[in-house]
1. Among the residues of the stretch 119-132, write down those that are under 25 Å from P102 (Cα atoms) and surrounded by 17 or more Cβ atoms within 10 Å (Cβ to Cβ).
2. Would you be able to say whether some residue in the stretch 104-118 is at pLDDT below 95 and surrounded by 14 or more Cβ atoms within 10 Å (Cβ to Cβ)?
3. Kindly establish whether R90 is without any contact (Cβ under 8 Å) to a residue 24 or more places away in the chain, under 21 Å from G48 (Cα atoms), in contact with a Leu (Cβ under 9 Å, 6 or more places away or on another chain) and part of a strand (DSSP E or B).
4. Residue under question is F67, and the condition is that it be under 18 Å from D12 (Cβ atoms), modelled with pLDDT under 95, in contact with a strand residue (DSSP E or B) (Cβ under 9 Å, 6 or more places away or on another chain) and of a type in the set (A, V, I, L, M, F, W, C); does it hold?
5. Taking only pairs six or more apart or across chains, which ones have beta-carbon atoms under 8 Å, a first residue in the stretch 27-56 that is more than 23 Å from F135 (Cα to Cα) and basic (K, R), and a second residue that is exposed (fewer than 14 other Cβ atoms within 10 Å of the Cβ) and modelled with pLDDT of 95 or more?
6. Can you find a residue that is farther than 20 Å from T127 by Cβ, assigned to a strand (DSSP E or B), more than 12 Å from the chain's Cα centre (by Cα) and basic (K, R) anywhere in the stretch 49-59?
7. Determine the pairs where a residue that is without any contact (Cβ under 8 Å) to a residue 24 or more places away in the chain, located within the stretch 1-17, has a partner that is part of a helix (DSSP H, G or I) with Cβ atoms under 9 Å apart, the partner being 6 or more residues away or on another chain.
8. Checking the conditions here, which among E79, E33 is part of a strand (DSSP E or B), surrounded by fewer than 18 Cβ atoms within 10 Å (Cβ to Cβ) and in contact with a Lys or Arg (Cβ under 6 Å, 6 or more places away or on another chain)?
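The values are calculated or read from the model by the stated rules, or taken from the named source; none is laboratory data. Given the structure is predicted, the values throughout are model-derived calculations rather than measurements. Here the Cβ positions follow ideal geometry from the backbone for every residue, glycine too, while neighbour counts run over all protein chains shown.
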Amino acid sequence: MNAPAKLQAFFDYLGTAPEKPKTQELAKILHSEIIWTFPKGAGPIVGGTHRGIIEISELLSRIFTEFYDRTQFRFELHEMFGNDVNAVARYSVIAVTAYNQPYNNDYALICELRDGLIVRLEEYFDTAIAAKQMFPE
């Protein structure tokens, strides 16, 4: 499976994952040495670098329970391209927040494979828009 196909599998899993993703399910997609980096401006829970399947499973659980209404969360993929090792996806997250606010933000995700599994993710999004929609005044 090439990098775009593996990244698509990751999106497919996240689109249907339970609020608390299981590490054994993530291990079918993510390498044991996975590193996922978010913009530092994304705040203390999400911002920065996260390492390992257990930490990422816990992070996803927090995202799905503390930030979003999981029943009203979806990805809208705009484009994806890559090769055997690397892929880039441009997409939107369209959701309702845990605070019952509409959320719509554009993202880019860079992916690298090792041994057929995702070993590195770098995610980019407008943190000012995210904060304004997540926590309106």
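1. Scanning the stretch 119-132 gives F125, T127, A130.
2. no
3. On the way: without any contact (Cβ under 8 Å) to a residue 24 or more places away in the chain: yes; under 21 Å from G48 (Cα atoms): yes; in contact with a Leu (Cβ under 9 Å, 6 or more places away or on another chain): yes; part of a strand (DSSP E or B): yes.
Spelling it out, R90 is indeed without any contact (Cβ under 8 Å) to a residue 24 or more places away in the chain, under 21 Å from G48 (Cα atoms), in contact with a Leu (Cβ under 9 Å, 6 or more places away or on another chain) and part of a strand (DSSP E or B).
4. Details: under 18 Å from D12 (Cβ atoms): no; modelled with pLDDT under 95: yes; in contact with a strand residue (DSSP E or B) (Cβ under 9 Å, 6 or more places away or on another chain): yes; of a type in the set (A, V, I, L, M, F, W, C): yes.
No; evaluated as a whole, the condition is false for this residue.
5. Listed pairs, sorted by first residue: R51/E33.
6. Residues of the stretch 49-59 farther than 20 Å from T127 by Cβ: 51-55, 57-58.
Adding the requirement that they be assigned to a strand (DSSP E or B) leaves 51.
From what's left, more than 12 Å from the chain's Cα centre (by Cα): 51.
Adding the requirement that they be basic (K, R) leaves 51.
Yes, the conditions are met somewhere in the stretch 49-59.
7. Within 9 Å, the pairs are Y13/E25; Y13/L26.
8. Values: E33 fails: in contact with a Lys or Arg (Cβ under 6 Å, 6 or more places away or on another chain).
Sole residue among the options that is part of a strand (DSSP E or B), surrounded by fewer than 18 Cβ atoms within 10 Å (Cβ to Cβ) and in contact with a Lys or Arg (Cβ under 6 Å, 6 or more places away or on another chain): E79.
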